[in-house]
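Derivation of every value follows stated rules applied to the coordinates shown; laboratory data play no part. Note that this is a predicted model, so its numbers are computed, not measured. With ideal geometry, Cβ positions are generated from the backbone for all residues, glycine too; neighbour counts draw on all protein chains shown.
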Amino acid sequence: MSEHPSVPALTGREWAKSKLFLDMSFGDYLKSLVTPGNFVVGLILAVGLPVIAYRFAYGLGASTNLSQTTPWGIWIGFDMLAGVALAAGGYTLASSVYIFGLEKYHPVVRPAVLTGLLGYMFAALGLAADLGRPWNLPVPFFLSWGGPSVMFEIAWCVGLYLTVLSMEFLPPVFEWLDWPRARMWAVRMTIGLTVFGVMLSTLHQSSLGALFLMAPTKLHPLWYSPFIPAYFFISSIAAGLSMVIVESALSHRAFQSRTDHRVDLDGIALGLARGASIVLFAYFFVKLQGVADGGRWALLTTGYGYWFQVEMFGFILLPSLLFAYGARHNRVTLVRWTAAWTVLGVVVNRLNVSIIAMNWNAPERYIPSWMEVVVSITLVTLGVTAFRWIVNRMPVLRELPEYRDSASH
Amino acid sequence: MIPHDILTLYSAKMLEYGIAVLFLLLFIPFWRYVQGPAKAPALAPARSRVPAVRAAEWFLTPADRLFHRGHAWLKGGDGGLVTVGLDDFAAKLVGPMSRLALPAVGATVGQGEPGWRLTAPDGRSVDMLSPVDGTVVQLNPALAASPDLAERDPYGDGWLMKVRPSRLRANKVNLMADRAVRRWMEDAAAALRGHVAPGLGALAQDGGVPVAGMARAIDPDGWDRLAATLLLTAEEAPDA
């Protein structure tokens, strides 16, 4: 049925023009880059990249406020823990569409997988910045397995899942390159990759929480719980769904010319909101169970307790109810704002567990250094820039007509 | 004195069970609330502000139907019977009808073979293909009084007939659902546009809604030939 594009022999210059420079001459392309948004990006990178270089040249002591008491800062709490949770849209959407057959959500799978891929990539970069000896990163893979360590499992899972996400994203790459045969093979791997991806995500999303099982004395009792792996896993689903709602709304607005306008984005957002609402509702009660299990009721009226309640009621129960109301009454704008609020809530939760409620009774408080903040902002900026670069060139927010009839990914 | 009754010993456990039960009790109404009021299968999902999800281009294609290339639909139903009708494209293409010549009850129809004939007020008519093999067991009684019901409400009250299928599984291979329907309908709309302004491609899509009886609007003299071409019943299907 489908007509695959014949591949006319392009000269190197033509190829670069059509594939890289958006059909503009190199000069025009450079001119098109002069925009206020790119100016801000340039400014961030002009400060951020030298700071990253400084960190690798002079080490953690010179660039961060980390210490023996607080070995994990925002590069772990924000870039790694929150980044990985927000990248969960990749496995939630891929499994919804390819395993559970919810075809309605097909139009947002590619952007979700791309967001996941970039999220993990930049989480891994954040990790590399955080490791005292990043050149030892291959050790758990090749030299010393350290099987009983949670770190070992996370290293393997994240490494493998990054590979899986890269392979899941191959079909749009091959479509962009006009390689129909390679694309066909990549599409055939979809279901296997999706299953593998769900397994890996289940493992490491929860293991990231399991890391904190080792710190019962350091983490505040309201956040410490034997259920913390389950908390991390469940909240990652809500984070992933919310992130897809936010990201699809933003990218369909920002990349209008790259978008398939027939997609019923509102219907998709409302459907995802239903899912997120149910997940958050269950998450609230599972968290409550943790408080009951540890007998922590008395702590709820302390300073940390009030902050815990803000998280419980403000960032879990409230968005759950707002999603439910929005989905039932077709309030798409409400649903989108709630999704953004939920994304913020998951970031707050990861920061609570890893930084704010960590070392709560130690005399020394960790405040990130300006360089840590700059590196985190730089990594997020690089992620957004990479997303823009890819969406402007590859068929992510739309289907190419010549591939629509074939088994699509 | 330490009380020994089980409820005191396990007060934390009791609380946990209590929370679990509370969750389950609340979850049921919450789930029902989130899912919204029970709806009859709608022609098009009503949630979208732009009801476009099933409206491939101009034409509605409800999700609960299977479609045949000849622009007829089929819906499974009670007692092994299937309901058959014409789709929105055919309805808008032909427009108001003065007569619908349906096969008699008991007659057999074959998938891909002419199944019924639509006649317009100007006396010209066009055949349509049956989407299924089987025996006609009932005709829509409402059509006898008002044949244009098939045009006004092709997926609802304007259904044509109920058929007892003889080889539904094999027939389904040639029927379309879901995304395939959308793509096919888009192609059909594109083919129609080609007739509106041959050689000009996609110019006619600038915001208009198709008029009832599009074929006649495009070609008043030869509309029946055009309709037959698009409905795949032309004698010599000229390449559109």
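Measure of size requested: the Rg and Dmax of the range A:169-248, with Cα atoms as the atom set and Å as the unit; please supply both.
18.3, 56
What is the magnitude of the charge dipole of chain A about its Cα centre, with +1 placed on the Cβ of each Lys and Arg, -1 on the Cβ of each Asp and Glu, and no other charges, expressed in debye to the nearest 20?
300 debye
Dividing the convex hull volume of the alpha carbon atoms of the range A:169-312 by its residue count, what do you get in Å³ per residue?
Roughly 158 Å³ of hull volume per residue.
Could you give each residue of the range B:223-232 its phi-based ³J(HN,Hα) in whole Hz, using Karplus coefficients 6.51, -1.76, 1.60 with θ = phi - 60°, and x for Gly or Pro?
Residue by residue, the range B:223-232 yields 4, 5, 5, 4, 4, 5, 4, 6, 9, 6 Hz.
How high is the FRET efficiency between A:ASP260 and A:LEU300 when r is their beta carbon distance and R₀ equals 41 Å, given to the nearest 0.05? Can you show the working numbers first?
Working: r = 48 Å, r/R0 = 1.18.
It comes to 0.25.
Could you pull out every whole DSSP H run in chain A that spans at least 27 Å of Cα extent along its own axis and averages 0.5 or higher on the Kyte-Doolittle scale? Don't skip to the end; give the middle numbers.
On the way: long enough: A:36-58 (33 Å, 1.44); A:109-130 (31 Å, 1.29); A:190-210 (29 Å, 1.06); A:228-254 (37 Å, 1.19); A:265-294 (43 Å, 1.17); A:332-351 (29 Å, 1.17); A:370-391 (31 Å, 1.60).
Passing helices, by number: A:36-58, A:109-130, A:190-210, A:228-254, A:265-294, A:332-351, A:370-391.
B:ASP133: net charge of surrounding residues, Cβ under 13 Å, Lys/Arg +1, Asp/Glu -1, itself excluded?
+3
Mind listing the Cα extents of chain A along all three principal axes, in Å, largest one first?
The Cα atoms of chain A stretch 70, 54, 44 Å along their principal axes.
Plugging the Kirkwood radius over Cα pairs into Stokes-Einstein for the range A:306-406, at a temperature of 37 °C and a viscosity of 0.692 mPa s, what D comes out in µm²/s?
Using the Kirkwood radius from Cα pairs, D works out to 189 µm²/s.
Based on the Cβ-Cβ distance of A:ARG133 and A:THR11, what FRET efficiency does E = 1/(1 + (r/R0)^6) give at R0 = 30 Å, to the nearest 0.05?
0.05
How shielded is A:278-290 by partner chains, expressed as the average number of their Cβ atoms within 10 Å of its Cβ atoms?
That works out to 3 on average.
A:VAL310 to B:ARG69: FRET efficiency via 1/(1 + (r/R0)^6), r the Cβ-Cβ distance, R0 41 Å, to the nearest 0.05? Could you put the intermediate results ahead of the total?
Numbers: r = 59 Å, r/R0 = 1.43.
Step by step, r from the Cβ atoms, then E = 0.10.
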